[in-house]
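*Asks:* My questions all concern the structure below.
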Ligand SMILES: *Cc1c(COP(=O)(O)O)cnc(C)c1O
């Protein structure tokens, strides 16, 4: 039988493989990739033309368009002077293993097909769980990101609440969180059709006392609808950690599901210098951590951890006649599809596993501590310049600072100018209604000279 040409190995494919490997090796050994910037779609089309045609334009041509034009219209998130949003800095080992993950074509939903790969993920997961101090039977699963992890956890929380009382099935659930919570909490509440109330904090973080009085202030009807509290373990904007210990106590007393969103801050659980800020996290019912943020994994890799895996399974396990075989005798093992919203899934924890296995957890600890240290170093440099001012002390790896006298437009123009000139990507944010500047350090290759270079452009 003649092989489908698209899947057969011909000379073009062999050459392409070498080209792709060469590009990959060059890219991952380049620690200061060109800081690309977006272009208008029409402009890109002008430069690239139609790429999908009945006969195909050929691998060489398509790859050349990618290398020469398209990749330059992207911002490399691992650039050492990309300090905007939450950047990333995947290890070379993890990137290499991302290629291996693709090449190995493993289905990651069920143990029956994915056992060896899921074993790897679970080894990495065991380490993540150990960082949290969750009790013995706690475990978790890798997701596409923090948004999917938050959704998976909150759906499990609501299912648990509904399973406890028939009456809950007919009412819309209610979530409480703080005003520092990530936008995905609000977005996922919408997806679940749950209501969300933000507790505004007097200080900088949500405390048990504030949560308690917010609950007391709910109407009797709303109190009955309340099923979970979402605390944040490192706000994305400022790196602030809610008072997890006292919030946990209130949740326990009120019999509410306690979710901690550490999508950004989770990596800092491995950093002894700040670990005590997370005390109380061990009492959570579920936790979100994004390895693609501060655990040096390539996109996309999030994780959701549960104190009680059975509750997650009750919410997420899918039933279908053609899926039965996976749950048969002989297929016994851990089925990631049972614990989060996705069925067919990449073994997306495998790059993290390989990198952890190769480097060991101490290197992770040190690289995360370096991010925290860079935030302290930047703070000192800011304090040493008369045109700059710290807005608040750095938290985790986030620094909020002000260029004295600047208007919001000046911050914006400065961001665009630095980006255009390929110097840096540092974006403004808001703190208490004031537009200011923000650094978020992840990449341990960012240097003190990088920080000086950026601060100098604000003179
Ligand atoms: C980034 C972030 C999210 C969303 O995670 P994604 O991986 O982007 O889906 C949720 N919560 C917090 C606190 C975050 O920092």
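Just so it is clear, none of the values below were taken in a lab; they were calculated from the coordinates. All of these numbers come straight from a predicted model, not from anything done at the bench. All Cβ positions, glycine included, derive from the backbone under ideal geometry; neighbour counts span all protein chains shown.
*Asks:* For a quick protection proxy, order the peptides 222-228, 398-404 by their average other-Cβ count within 10 Å, most packed first.
*Replies:* Taking the mean over residues of other Cβ atoms within 10 Å, the ranking is 398-404, 222-228.
*Asks:* Quick one: Cα centre-to-centre distance for segment 332-382 and segment 281-328, in angstrom?
*Replies:* About 15 Å separates the Cα centre of segment 332-382 from the one of segment 281-328.
*Asks:* Using only Cα atoms, what is the ratio of the radius of gyration of the chain to 2.2 N^0.38 Å? Could the numbers behind the result be given before it?
*Replies:* Details: Rg = 23.7 Å, N = 459, 2.2 N^0.38 = 22.6 Å.
The reported ratio for this selection is 1.05.
*Asks:* Something else: Cα centroid distance between segment 182-199 and segment 1-64, in Å?
*Replies:* 40 Å
*Asks:* Right, next: Going by C-beta contacts inside 10 Å, put 434, 159 in order with the fewest on the left.
*Replies:* 434, 159
*Asks:* Just the projected area, averaged over all directions, of the convex hull on the alpha carbon atoms of segment 60-123: how many nm²?
*Replies:* 6.8 nm²
*Asks:* Now a separate question. Considering just Cα atoms, how many Å³ per residue does the convex hull of segment 15-109 enclose?
*Replies:* Per-residue hull volume (Cα only) is 161 Å³.
*Asks:* Let me ask something else about it. Which percent, to the nearest 5, of DSSP beta bridges fully inside the chain are antiparallel?
*Replies:* 55 percent
*Asks:* Using only the Cα atoms, work out Rg/Rh for segment 106-359, with Rh taken as the Kirkwood radius, to two decimals.
*Replies:* My calculation puts Rg/Rh at 0.97.
*Asks:* Assuming R0 = 41 Å, can you tell me the calculated FRET efficiency for the pair residue 383 and residue 67, based on Cβ-Cβ distance, to the nearest 0.05? Walk me through the numbers on the way to the answer.
*Replies:* Working: r = 43 Å, r/R0 = 1.05.
Calculated transfer efficiency: 0.45.
*Asks:* Let me ask something additional. Computed FRET efficiency, Cβ-Cβ of residue 416 and residue 50, R0 35 Å: what is it to the nearest 0.05?
*Replies:* 0.70
*Asks:* What percent antiparallel are the DSSP beta bridges of segment 106-359, to the nearest 5?
*Replies:* If I count the DSSP bridges inside segment 106-359, around 35 percent turn out antiparallel.
*Asks:* Can you pull the semi-axes for segment 151-265, root of five times each eigenvalue of the Cα gyration tensor, sorted largest first, whole Å?
*Replies:* So the equivalent ellipsoid measures 22, 16, 12 Å along its semi-axes.
*Asks:* If you split all Cα-Cα distances of segment 238-301 into 10 Å bins from zero, what percentages do you get per bin, shortest first?
*Replies:* Reading upward from the zero bin: 22, 49, 24, 5.
*Asks:* Follow-up. Of the peptides 411-422, 89-100, 231-242, how do they stack up when ordered by the mean number of other Cβ atoms within 10 Å, highest first?
*Replies:* Top to bottom by mean Cβ count within 10 Å: 231-242, 89-100, 411-422.
*Asks:* Still on this structure, please answer the following. Going by C-beta contacts inside 10 Å, put 163, 29 in order with the fewest on the left. Before the final figure, lay out each step's value.
*Replies:* Details: 163 13, 29 8.
Going from least to most buried by this count: 29, 163.
*Asks:* Here's a follow-up. What order, most packed first, do the peptides 277-286, 367-376 have when packing is the mean number of other Cβ atoms within 10 Å of each residue?
*Replies:* With the highest mean Cβ count within 10 Å placed first, the list reads 277-286, 367-376.
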